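Below is one structure, written out as structure tokens, with a few remarks after it.
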Amino acid sequence: MSDTSTTFQAPIGTHDVLGPESGQWENLIACFADFAYRYGFSLAITPMFEDVGVFNRGIGQNSEVAKKEMYVFEDRGRRLFALRPEGTAPIVRAFVQHQPTTPWKAWYVTPAFRYERPQAGRYRQHHQLGVEVLGTDDPAVDVEVITLAWRFYAAIGLKSVRLLVNSMGHDECRGAYVAILRDHLEANSSMLCDEHQKVWRENPLRVLDCKKASCIEVTSRGPMLPDHLCDDCRGHFDAVLEGLKSLGIEASLNPRLVRGFDYYTRTTFEFVADALDGAQNAIGGGGRYDKLAEQLGGKPTSGIGFGSGIERLLLARAAENDEPLRLVNRTLDVFVVDTTGEDVATVLVDALRAAGLACDRAYDRRSMKSQMKVADKSGARFALLVGPQELAAGEVTIRDLRSDNFGQAQQKAGRDDVVAVIANLLTK
RNA sequence: GUGGGCGUAGCUCAGUUGGUUAGAGCGCCAGGUUGUGGUCCUGGAGGUCGCGGGUUCGAUCCCCGUCGCUCACCCCA
């Protein structure tokens, strides 16, 4: 236990995100927060773990995630918890618990945990950002949520995104459809792929998104969900499609789009990035869940939301764009180089920061050359030099690190004027 | 859960058909005459060659195990 010779590393399927890569994350999250704000959402922070029931009843006990991917653990009080495998169920649980006035619009960024073998674009801990709206089934909300995602993807520079939509109908029309589908599968069960020969009866919808040719052939000759919607659901879906069209958002109907969680009703959608290949090209998805609040013990409340994987967004973006995201400014204004042998830097840096400037400094009383190298690498716009001469004269030397002109790249300023002088230089 | 590839300095990798002090580039640190970065030059630090066991006179190199990384299947973000 106390063997200090062994080292530790991040658990399987998890990653440390450090600079400069973390700068991409900052940018992405800041951009999303900005979008959420502009669309009228407020941030919701809920626990990383919940009673397992939240997920079993929410995403469905038969879903792949609930069956074999949840991080379930018992705490010291013998309560059974699960690390959240997704973002929606906890938000809805919070909604049911606190009953905020509706419509309630919440956004989130959170880690999500799934116990599975990691591979490209798939991890045991990944991160999602998303939004949820509870308390209305107005198709305009469906359109708004999808639009937010669509515009956000564009804002971060993704170009190869396609939007797939479908409608799952409500309980009754989906139930009727599933019965018809089941009959069709039964009649053709011998032609299904090995895996679905076993499970088509329990989960007929899953067969729809099987990629095996045999299953595709069977289902393509069978009934499709959108053709079996009741008038209400059909009308709702049409309104969503029209809304998207009116905004110039191109959606392609995909009757096979059956998402992994059981809580979906009516509108479902998925965003696919063609820059990523095959197995992990879904960068985001979501849909309506008009029964979820009830399933979690609340009053009947409609809801819709979407979630997007941060890692995949960044992967997709890197695949089609060499330039890193630079939506928020994270460059240093000033780097203080102190060679007085005393510690003038501490005071200077404090004054600059108090004035709102981004500022760093060297430590350990290194040589001027060494400190200048660090200043250069820091990316700061200006170096502030204080040596014995400046100290005696009550001055500092301000050097423009971006200038190629070594001779004229610097000027003196009085100690008391530094902040004002630099602030002024920065505006140029 | 199943299968493939890989594991040598901080990073990217070379290398030894098993044989004395294991290499490069980048990065890092220090210098290049007395206060100034980004180029260049010189020098330096840094590795129990993932870990454990086996074969051998001898293993970083061969064998077994183990841990980890990676990719794929399933499914998803």
Which one of the conditions (1) of a type outside the set (Asp, Glu); (2) within 16 Å of RNA strand B (Cβ to nearest atom); (3) over 29 Å from A:Ala120 (Cα atoms); (4) assigned to a helix (DSSP H, G or I) does A:Cys215 fail to meet, given that it meets all the rest?
(3)
Confirm whether A:Phe35 is in a helix (DSSP H, G or I), surrounded by 15 or more Cβ atoms within 10 Å (Cβ to Cβ), assigned by TED's automatic domain parsing to the domain that holds A:Arg117 and modelled with pLDDT of 90 or more.
yes
Report yes if some residue within the stretch A:233-250 is exposed (fewer than 13 other Cβ atoms within 10 Å of the Cβ), at pLDDT 85 or above and in a strand (DSSP E or B); otherwise report no.
no
Out of the residues in the stretch A:57-68 that are polar (S, T, N, Q) and under 16 Å from A:Val258 (Cβ atoms), which is most open to solvent (accessible area, probe 1.4 Å)?
A:Asn62
When you look at A:Val54, is it touching a residue at least 12 places away in the same chain (Cβ under 8 Å), within 28 Å of A:Val141 (Cα to Cα) and either open to solvent by 70 Å² or more (accessible area, probe 1.4 Å) or more than 10 Å from RNA strand B (Cβ to nearest atom) (or both), yes or no?
yes
I want to confirm something. Restricting to the stretch A:97-108 and keeping residues that are out of contact with any Ser or Thr (no Cβ under 8 Å at 6 or more places or on another chain) and surrounded by fewer than 20 Cβ atoms within 10 Å (Cβ to Cβ), which single residue is nearest to A:Leu296 (Cα to Cα)?
A:Gln97
When A:Asp400 is evaluated against the numbered criteria (1) more than 35 Å from the chain's Cα centre (by Cα); (2) within 30 Å of A:Trp25 (Cα to Cα); (3) of a type in the set (D, E, K, R); (4) open to solvent by 80 Å² or more (accessible area, probe 1.4 Å), which criterion, by number, is the only one it fails?
(4)
Applying the selection to the stretch A:161-185, what residues are touching a residue at least 12 places away in the same chain (Cβ under 8 Å) and among the small types (Gly, Ala, Ser)?
A:Ser167, A:Gly169, A:Ala176
Of the residues A:Val143, A:Val109, A:Val92, A:Val54, which single one is in contact with a Gly (Cβ under 6 Å, 6 or more places away or on another chain) and either farther than 25 Å from A:Ala275 by Cβ or outside any helix (DSSP H, G or I) (or both)?
A:Val143
Leading residue by the ranking (surrounded by the most Cβ atoms within 10 Å (Cβ to Cβ)) among those in the stretch A:109-137 that are under 19 Å from A:Glu69 (Cβ atoms) and among the aliphatic types (A, V, I, L, M)
A:Ala112
For the stretch A:308-323, what are the residues that are in contact (Cβ under 8 Å) with a residue 24 or more places away in the chain, open to solvent by 10 Å² or more (accessible area, probe 1.4 Å) and hydrophobic (A, V, I, L, M, F, W, C)?
A:Leu314, A:Leu315, A:Ala319
A:Asp194 open to solvent by 20 Å² or more (accessible area, probe 1.4 Å), more than 14 Å from RNA strand B (Cβ to nearest atom), over 27 Å from A:Gly286 (Cβ atoms) and more than 34 Å from the chain's Cα centre (by Cα)
no
Can you name the condition, by its number, that A:Asp209 falls short on among (1) of a type outside the set (S, T, N, Q); (2) in contact (Cβ under 8 Å) with a residue 40 or more places away in the chain; (3) crowded, with 16+ Cβ neighbours inside 10 Å?
(3)
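Could we say that A:Ala82 is without any contact (Cβ under 8 Å) to a residue 60 or more places away in the chain, open to solvent by less than 20 Å² (accessible area, probe 1.4 Å) and closer than 30 Å to A:Ala316 by Cα here?
yes
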Within the stretch A:355-379, which residues are surrounded by fewer than 17 Cβ atoms within 10 Å (Cβ to Cβ) and either at positive phi or among the acidic types (Asp, Glu) (or both)?
A:Gly356, A:Asp364, A:Arg365, A:Asp376, A:Gly379
For the stretch A:324-353, which residues satisfy the criterion of being without any contact (Cβ under 8 Å) to a residue 24 or more places away in the chain and open to solvent by 60 Å² or more (accessible area, probe 1.4 Å)?
A:Asn329, A:Asp343, A:Thr346, A:Val347, A:Asp350, A:Arg353
List the number of the failed condition for A:Ala392; all other conditions in (1) exposed (fewer than 12 other Cβ atoms within 10 Å of the Cβ); (2) touching a Lys or Arg at 6+ places or on another chain (Cβ under 8 Å) hold.
(2)
Those residues of the stretch A:267-279 which are open to solvent by 30 Å² or more (accessible area, probe 1.4 Å) and more than 15 Å from the chain's Cα centre (by Cα), in sequence order
A:Asp274, A:Ala275, A:Asp277, A:Gly278, A:Ala279
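The values are calculated or read from the model by the stated rules, or taken from the named source; none is laboratory data. Nothing here was measured: the structure is a model prediction, and the numbers come from that model. Glycine also receives a Cβ, built like all others from the backbone with ideal geometry; neighbour counts cover every protein chain displayed. What goes into the accessible areas is simple: the full protein's heavy atoms, side chains included, and nothing from ligands, DNA or RNA. Shrake-Rupley method; radii C 1.70, N 1.55, O 1.52, S 1.80 Å.
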